[in-house]
Amino acid sequence: MSRKRTSILLFSDDKEISSSVQGALANLQGLKVKSEEVSVANLNGKAFDMASENDIVIFATDPENTADLSAIKQLNARRSQGTVFLALTDSDIPLARVRALSDAGVDDVLPYPISQDELSRQVDKWIKKLAASTMSLGDHEGVIIPVVQARGGIGSTTVAVNLADHLITRKGRFSKEVSNSVALVDLDVQFGSVGDFLEIDPQQALYQMAVGGVIPDAQWVEQSMTETEGGLHVLTAPQDFMPLDAINDKQVEVLIDALRRTHDYVVLDLPRAIVSWIQPVMEFADELIIVSDTTVPSIRSAKRLIDFYKGENPGLKVNVVINHEKKPLVQAHHHKEAARALDLKFENWLPHDPKAARMSVDYGKPLSAVAPRSDLNKAIAALAKSTAKAMPAAEHATH
Ligand SMILES: Nc1ncnc2c1ncn2[C@@H]1O[C@H](COP(=O)(O)OP(=O)(O)OP(=O)(O)O)[C@@H](O)[C@H]1O
Ligand SMILES: [Mg+2]
């Protein structure tokens, strides 16, 4: 299971300081480091936004400089919950100045110059503290399953909705039926149709998160979700139109983290566009489902998606689900060619079943409720079963 890396942002217009800090950070594993050539006093709106998207922000400052102090206060006013501010400052500043920095919001003051070893040690201390504070929220780790499409209209929302629905029930000990807690989130925020598929009015939560800069903690997630009759916890796409990049990486990261702490399975319906916040989604993903057909254009596009996502996350597990085709008894030449092109096996085939698909959309209910005996419902139930078998829900579920 891949987990997210700690992100560090450095603000400094002094090349020597930048290279010394970068050298120190190079000693530490699993970091995502960005460096901006700007002094604290000259930070602009974009820099403030960047700061709120990182776990640790390091900057050099002169506490005698009032412009620096007021910039740090502004940074502090807009910081995300959990972001740590480390200030590098002259090694012999008076205690009163250290206090002023800490009042402005700095978490730790590090003397500069500092040896690379010492700086790595100090930063590592904060990385461990951050990890410990997120662990204390609970160590429940729900399974994260993003669903993407090889071409528009191929059926990815159908798969996301019905897979989530079928993941709710499972056979427990002695074949007793028990319920998993399952979340379904429509991250196709511009054109998402999960709400229509389940007859839920559009919720503004994701819009407020994006536009209002809300950091979606567990409580926000719980308040924002709607529960369907069947027990699925759903967050739909908003009614109001918003640009995809109104959402930032940090918000998505915190959102998924909160979801996995409160649910056994989290199914995410993703937009077709590739945006920067897809990266945290893939970092958390236990398995990426790509819905495709076996035509050449779809397979080519599936291949590009796999290459792209795996390039950034080599450990990512991918399952290509073939829609509109029932499982062939013997795979035809073009099936084998397609599987070879993607370097994987097609395990899940969903038949073309317009009647069942249409009924589900018309009634605004999952297939299991309106067409339980349909071939399409049975095939998605089998997909859920094999998914749950490969990635069982943790025993210590909180719901
Ligand atoms: N196996 C199937 N057989 C018949 N119809 C299907 C099947 N799967 C999906 N459909 C239908 O195809 C249409 C598109 O499906 P869906 O909205 O799930 O696709 P999508 O990939 O999410 O599309 P979009 O690009 O709009 O996000 C819907 O009307 C759905 O009911
Ligand atoms: Mg869709």
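Computed from label points 7 Å out along Cα-Cβ, the spacing between K15 and A246 is 4.2 nm. Under 24 Å of direct C-alpha separation, and excluding same-chain neighbours fewer than eight residues apart, K310 reaches these lysines: K4, K32, K34, K250, K336, K345, K389. Under 14 Å from a label point set 7 Å out along the Cα-to-Cβ vector of D92, the amide N atoms of region 103-121 belong to 112-113. Of the residues A51, V159, V267, the one whose Cα sits farthest towards the positive end of the charge dipole of the chain is V159 (charges of +1 on Lys and Arg Cβ, -1 on Asp and Glu Cβ, taken about the Cα centre). Within the listed set S181, S156, S70, the residue fluctuating most in the Gaussian network model of the chain (springs between alpha-carbon atoms under 10 angstrom) is S70. Computed on the chain, with alpha-carbon pairs under 8 angstrom and 6+ residues apart, the relative contact order is 17 percent. Each other residue within a Cβ distance under 10 Å of N248 adds +1 if Lys or Arg and -1 if Asp or Glu, for a net charge of -4.
Local charge for P111 was computed over the other residues whose Cβ lies under 10 Å away, with Lys and Arg +1 and Asp and Glu -1, and equals -3. Count Lys and Arg as plus one, Asp and Glu as minus one, and take only other residues whose Cβ is under 14 Å from that of K125; the net charge is then -3. Taking the protein heavy atoms of the chain in the context of the full set of protein chains, the accessible area attributed to carbon and sulfur is 50 percent at 1.4 Å.
How would you rank 121-127, 331-337, highest first, on the average number of other Cβ atoms within 10 Å across their residues?
On the way: 121-127: 17.1, 331-337: 12.6.
Most protected by this proxy first, the peptides run 121-127, 331-337.
Relative contact order of region 6-135: 26 percent, from C-alpha pairs under 8 Å at least 6 residues apart in sequence. Using Cβ point charges alone (K and R +1, D and E -1), the dipole size of region 6-135 about the Cα centre works out to roughly 520 debye. Computed extension length for Y363-R99: 88.8 nm, one decimal, from 0.36 nm per residue of separation with the Cα-Cα distance subtracted. Taking the charge dipole of the chain about its Cα centre, with +1 at Lys and Arg Cβ atoms and -1 at Asp and Glu Cβ atoms, the residue from Q203, F284, V109 reaching farthest to the positive side is F284. Put simply, when 338-346, 184-192, 85-93 are sorted by average Cβ atoms within 10 angstrom per residue, most first, you get 184-192, 85-93, 338-346.
Between A218 and Q29, full extension at 0.36 nm per residue minus the direct alpha carbon distance yields a gain of 65.2 nm. Classify region 6-69 as rounded, prolate or oblate from the Cα gyration tensor: take a ≥ b ≥ c as the square roots of its eigenvalues, call it rounded if a/c is under 1.5, otherwise prolate when a/b beats b/c and oblate if not. Because a/c hits 1.5 or more and a/b fails to exceed b/c, region 6-69 counts as oblate. Over 31 Å between C-alpha atoms is what I'm after, so list which of K15/K46; K15/K317; K303/K327; K129/K303 land there. Those over the limit are K15/K317; K129/K303.
Once fully extended, how much extra length lies between K389 and A332, figured as 0.36 nm per residue of separation less the alpha-carbon to alpha-carbon distance?
Numbers: separation 57, 0.36 × 57 = 20.52 nm, distance 2.80 nm.
Value of the extension gain: 17.7 nm.
Please give the per residue accessible area of the chain, computed with a probe of 1.4 Å over protein heavy atoms only, in Å². Write out the running numbers ahead of the final one.
Details: 19100 Å² over 399 residues.
Dividing the accessible area of the chain by its residue count gives 48 Å².
Normalising the Debye intensity of the chain to I(0), with uniform scatterers on Cα atoms only, and taking log10 at q = 0.09, 0.13, 0.14 Å⁻¹ returns -0.61, -1.06, -1.17. Only protein heavy atoms count here; under a 1.4 Å probe, E347 has an accessible surface of about 110 Å².
The values are calculated or read from the model by the stated rules, or taken from the named source; none is laboratory data. Fair warning: this is a prediction, and the values are worked out from it, not measured in the lab. Positions of Cβ are generated from backbone atoms using ideal geometry, with glycine treated the same way; all protein chains shown enter the neighbour counts. With ligands, DNA and RNA removed, areas are computed over all heavy atoms of the protein, side chains included. Shrake-Rupley method; radii C 1.70, N 1.55, O 1.52, S 1.80 Å.
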